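Engineer: This is the structure I have questions about; it appears just below.
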Amino acid sequence: MAGPIENYAIIGDLQTVALVGGNGSIDWLCLPRFDSGACFAALLGGHDNGNWRIAPASAPSDEACTRRAYQGDTLVLESVWETPSGTVKVIDFMPQRDRAPDVIRIVEGVSGSVPVTSELRLRFDYGHVVPWMRRSEGHRVAIAGPDSVWLRSEPLVHMYGKDFATCADFTVAQGERIALTLTWHPSHERRPRAIDPYEALRQSVRDWETWSAQCCYDGPWRDAVLRSLITLKALTYAPSGGIVAAATTSLPEEIRGVRNWDYRFCWLRDATLTLNVLVATGYLKEAYRWRDWLLRAVAGDPADLQIMYGIAGERRLPEQELGWLEGYEASLPVRVGNAAATQLQLDVYGEVLDSLYLARTRGMRDEPHAWAVQRSLMDFLESAWRRPDEGLWEVRGDRQHFVHSKVMAWVAADRAVRTLEARPQLSGDVAAWRAMRDEVHREVCRKGFDKERNTFTQYYGSRELDAATLLIPQVGFLPVTDHRVIGTVDAVRTELDHGGFVRRYTLEDSSVDGLPGSEGAFLACSFWLADALHRTGRRDEARALFERLLVLRNDVGLLAEEWDPVEQRQLGNFPQAFSHIGLVNTALTLAGKEGARHRSWTSD
């Protein structure tokens with residue numbers, strides 16, 4: 001059985017990520033990409049659905065190691081067990097990929113002499129397919145259909161089969177090291193060249209330390225900020241520059257609930273905040289690659305703009321249920337793909353134009369076709385903004401006139417107008433866009449604001465609230481001193497409170513949500529509240545909330561999507577990019593000039 005969500009750490013090679021439990025078991029790994037079928041799917045089922053555990057022979061399968069941590073500012077994980085006979089360390093990492101993905105696990109004796117057991121259960125296609133395992137050239141190779149995995153070890157390690165698992169028992173004494181390497185490749189191709197695990201470790205540490213040293217944030221909470229940036233880097237698909245929302249699918253927003261979605265894709269809603277934190281912390285190369293991914297993904301008919309795309313920009317993300325998996329703690333269904341990709345969410349037009357405007361104002365060079373794309377989006381949005389949509393949260397009920405969607409339509413028009421005012425040589429109907437901007441603003445203030453309660457609502461005519469309205473001052477729709485902004489912050493803080501944090505929206509109106517059950521406090525929204533409190537002058541309260549949010553991180557600094565304040569545990573897909581983006585963005589907001597270390601924003 002999988003452990004609590006917060007018990008997991010991650011390792012990755014910038015094309016996929018593995019989740020490593022505190023008990024030494026890798027319970028989730030998709031190969032060769034984030035969105036490929038999992039060869040370890042115990043996270044969503046049981047051990048028979050695939051996992052790889054290395055731990056002292058005396059350690060029960062559900063017992064966590066004594067302590068663990070990442071090695072400095074890297075993604076190299078070190079787990080330490082202290083046993084009666086000695087202390088042993090397992091070093092887990094995935095070197096940045098050359099040709100094939102490798103998972104390397106080095107067992108190192110720290111003191112005494114410790115018997116160790118390795119149990120490997122490979123199950124391709126999300127735990128559905130048991131591969132054929134055979135010996136070849138002194139190693140083990142598993143093959144099923146298109147997938148092939150090699151397991152290499154030190155010559156003295158004896159491997160044997162047991163209950164459809166590949167096992168090994170060995171002893172490590174102080175100063176000894178034993179490496180086991182798992183390598184995937186297409187079954188129809190020749191096996192890749194064997195990697196030197198110890199040189200790969202040295203190179204991985206250098207790679208991550210070099211990358212981390214580029215961080216120009218020097219303010220408070222730097223360790224938390226840098227760990228979040230490392231996590232965002234780990235969630236980046238290096239060949240395209242796309243950043244997935246999370247490394248997993250179907251981790252529930254409510255235990256034994258149905259709100260279980262596949263987050264291994266790239267959302268346009270993340271675009272502006274992601275770009276902001278990358279540029280502000282010194283990662284211009286990543287910012288350029290994310291901007292370029294964005295431009296490629298949205299190219300085409302603006303009427304067909306999607307809210308999310310595949311990691312290389314794929315548009316078709318069909319949703320299906322995997323009936324053979326019992327779900328994380330019996331939370332069903334288990335889904336792969338995401339039907340929300342076909343929803344109409346008008347806010348994404350604002351997200352795209354806002355992110356490209358931000359890139360331009362931060363000194364990033366324009367791509368020649370970038371303005372043509374933006375102008376095309378605006379031409380469509382001039383009439384489309386009046387439609388109801390599914391809104392930011394991908395509700396599966398009826399379409400509504402969501403306030404956040406209209407605000408982001410205003411953002412799109414505002415950024416287009418600002419661009420033409422700054423660069424009059426560009427073509428565009430600035431008069432029409434100004435008129436649209438003014439009309440959207442009037443309509444939102446008239447139809448989306450509850451005068452009686454002094455707050456913006458979730459959608460026109462509703463009394464429900466939505467935490468997305470906390471972004472109104474951040475995007476510039478109204479100044480922070482406006483009574484409507486302050487009233488909205490106060491209303492959200494009070495009515496969407498969940499154990500001192502913030503829900504996304506009220507769940508009483510099930511006709512909007514379209515789903516049964518409940519969910520936890522949404523961490524990104526809680527960071528937004530800290531931002532809003534700071535912007536409206538309540539800086540001590542903002543700082544206190546932010547520091548309470550930092551406490552929710554697990555022992556290696558990672559956050560899921562949500563927090564259950566009753567059961568005191570993390571919920572939702574993990575680790576969640578949106579949560580870590582929120583952490584960095586709020587740290588930057590609260591730190592202000594404290595965190596600034598100026599540098600020139602030049603392209604490389």
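Engineer: If you build the Cα gyration tensor of segment 169-211 and take the root of 5 times each eigenvalue, what three semi-axes come out, in whole angstrom, biggest first? Don't skip to the end; give the middle numbers.
Structural biologist: Details: eigenvalues 116, 82, 11 Å².
Over the Cα atoms of segment 169-211, the ellipsoid semi-axes are 24, 20, 7 Å.
Engineer: Also, quick follow-up: Quick one: S240, S118, S526, fewest Cβ neighbours within 10 Å first, how do they rank? Before the final figure, lay out the partial values.
Structural biologist: Numbers: S240 21, S118 24, S526 28.
The order, fewest Cβ neighbours first, is S240, S118, S526.
Engineer: Here is a further query. Can you tell me the FRET efficiency between S61 and R396 if r is taken as the Cβ-Cβ distance and R0 is 51 Å, rounded to the nearest 0.05? The partial results should precede the final answer.
Structural biologist: Details: r = 38 Å, r/R0 = 0.74.
According to the calculation, E is roughly 0.85.
Engineer: Also: What are the residues whose amide H is under 5 Å from the amide H of F456, where those residues sit 5 or more places off or on another chain and H is modelled from the backbone?
Structural biologist: D450, T488
Engineer: Taking loop as defined by DSSP and a crowding limit of 11 other beta carbons within 10 Å, which GluC sites (Glu not before Pro) in segment 368-467 fit? Provide the component values of the computation, followed by the final result.
Structural biologist: Values: sites: E382, E390, E394, E421, E439, E443, E452, E464; in loops: E390, E394, E452, E464.
Sparse-neighbourhood loop GluC sites (Glu not before Pro): E452.
Engineer: Does anyone have the angle between helix 403-422 and the longest principal axis of the chain? Alpha-carbon axes, 0 to 90°, nearest 10?
Structural biologist: 80
Engineer: Residue by residue through segment 468-479, which ³J(HN,Hα) values in whole Hz follow from phi under the Karplus form 6.51 cos²θ - 1.76 cosθ + 1.60 (θ = phi - 60°), with glycine and proline marked x?
Structural biologist: Those phi angles translate into 5, 5, 5, 7, 4, x, 5, 8, x, 5, 9, x Hz.
Engineer: Checking a compactness column here: for segment 469-561, what do you get for Rg(Cα) / (2.2 N^0.38 Å), N being the number of residues?
Structural biologist: Values: Rg = 14.1 Å, N = 93, 2.2 N^0.38 = 12.3 Å.
This ratio for segment 469-561 stands at 1.15.
Engineer: Would you be so kind as to identify which of T589, L533, A18 lies farthest towards the positive end of the dipole of the chain, taking Lys and Arg as +1 and Asp and Glu as -1 on Cβ and the Cα centre as origin?
Structural biologist: T589
Engineer: Would you kindly derive the ³J(HN,Hα) couplings of segment 253-262 from the backbone phi angles with the Karplus curve 6.51 cos²θ - 1.76 cosθ + 1.60 (θ = phi - 60°), listing them in order in whole Hz, with x for Gly and Pro?
Structural biologist: 3J(HN,Hα) across segment 253-262, in whole Hz: 7, 8, 4, 6, x, 9, 7, 10, 10, 8.
Engineer: Something else: Relative to the longest principal Cα axis of the chain, at what angle does helix 271-280 sit, 0 to 90 degrees, rounded to 10?
Structural biologist: Result, in degrees: 70.
Engineer: Only sites in a loop by DSSP and with at most 14 other Cβ atoms within 10 Å count here; which trypsin sites (Lys or Arg not before Pro) in segment 104-210 make the cut?
Structural biologist: R190, R193
Engineer: Please give, to one decimal in nm, the separation of the simple spin-label points placed at D555 and Q174, each 7 Å out from Cα toward the Cβ.
Structural biologist: 2.4
Engineer: Along segment 431-443, what does the Karplus equation 6.51 cos²θ - 1.76 cosθ + 1.60 (θ = phi - 60°) give for ³J(HN,Hα), rounded to whole Hz, x for Gly and Pro?
Structural biologist: Going residue by residue, I get 5, 5, 6, 5, 5, 4, 4, 5, 5, 4, 4, 4, 5 Hz, with x marking Gly and Pro.
Engineer: Another question, if that's okay. So if I average 1/r over every pair of distinct C-alpha atoms in segment 353-451 and take the inverse, what Kirkwood radius in Å does that give?
Structural biologist: Numbers: mean 1/r = 0.0692 Å⁻¹.
So the Kirkwood estimate lands at 14.5 Å.
Engineer: Please list, in chain and number order, the residues 5+ apart from G282 or on another chain whose amide H is under 5 Å from its amide H, with Hs placed from the backbone.
Structural biologist: Here C216 satisfy the definition.
Engineer: Follow-up question, since we're still on this one. Match the structure shown to one of the listed values (1) 26.5, 88; (2) 25.8, 79; (3) 24.6, 78 of Rg and Dmax of the Cα atoms in Å, computed from it, and give that label.
Structural biologist: Read-out from the structure maps to (3).
Engineer: Taking Cα atoms, how many degrees apart are the long axis of helix 370-384 and the longest axis of the chain, rounded to 10 and kept between 0 and 90?
Structural biologist: Approximately 60 degrees, to the nearest ten.
Engineer: A follow-up question, please. To make sure I understand, if each residue's beta carbon is the centre and we count other beta carbons within 10 Å, what order do K285, K451 fall in, fewest to most? Intermediate values should be presented prior to the final figure.
Structural biologist: Values: K285 14, K451 9.
Lowest to highest Cβ neighbour count: K451, K285.
Engineer: For the pair E137 and K447, what calculated FRET efficiency results from E = 1/(1 + (r/R0)^6), where r is the Cβ-Cβ distance and R0 = 60 Å, to the nearest 0.05? Could the numbers behind the result be given before it?
Structural biologist: Working: r = 70 Å, r/R0 = 1.17.
The calculated FRET efficiency here is 0.30.
Engineer: I've got another one for you. Relative contact order for segment 214-595 using alpha-carbon pairs under 8 Å, separation at least 6, rounded to a whole percent? Could you put the intermediate results ahead of the total?
Structural biologist: On the way: 723 pairs, mean separation 74.2, N = 382.
Value for segment 214-595: 19 percent.
Engineer: Okay, moving on. Can you list the aspartates and glutamates whose alpha carbon is less than 12 Å from that of K285, not counting same-chain residues fewer than 8 positions off?
Structural biologist: D604
Engineer: By counting other Cβ atoms within 10 Å of each Cβ, how are L273, L559, L507 ranked from fewest to most? Provide the component values of the computation, followed by the final result.
Structural biologist: On the way: L273 24, L559 30, L507 15.
With the fewest neighbours first, L273, L559, L507 line up as L507, L273, L559.
Engineer: Using the Cα centre of the chain as origin and beta-carbon charges of +1 (Lys, Arg) and -1 (Asp, Glu), tell me which of G448, A38, P302 is placed farthest towards the positive end of the dipole.
Structural biologist: Of the listed residues, the answer is P302.
Engineer: Per 0.36 nm of contour for each residue apart, how much would the distance between A544 and D366 grow if the chain were fully extended, relative to their Cα-Cα spacing? Working shown, then result.
Structural biologist: Details: separation 178, 0.36 × 178 = 64.08 nm, distance 3.97 nm.
Taking A544 through D366 to full extension adds about 60.1 nm, to one decimal.
No lab work stands behind these numbers, since they all come straight from the coordinates. Because the structure is predicted, anything quoted here is derived from the model rather than measured. Cβ atoms come from the backbone with ideal geometry, glycine included; neighbour counts cover every protein chain shown.
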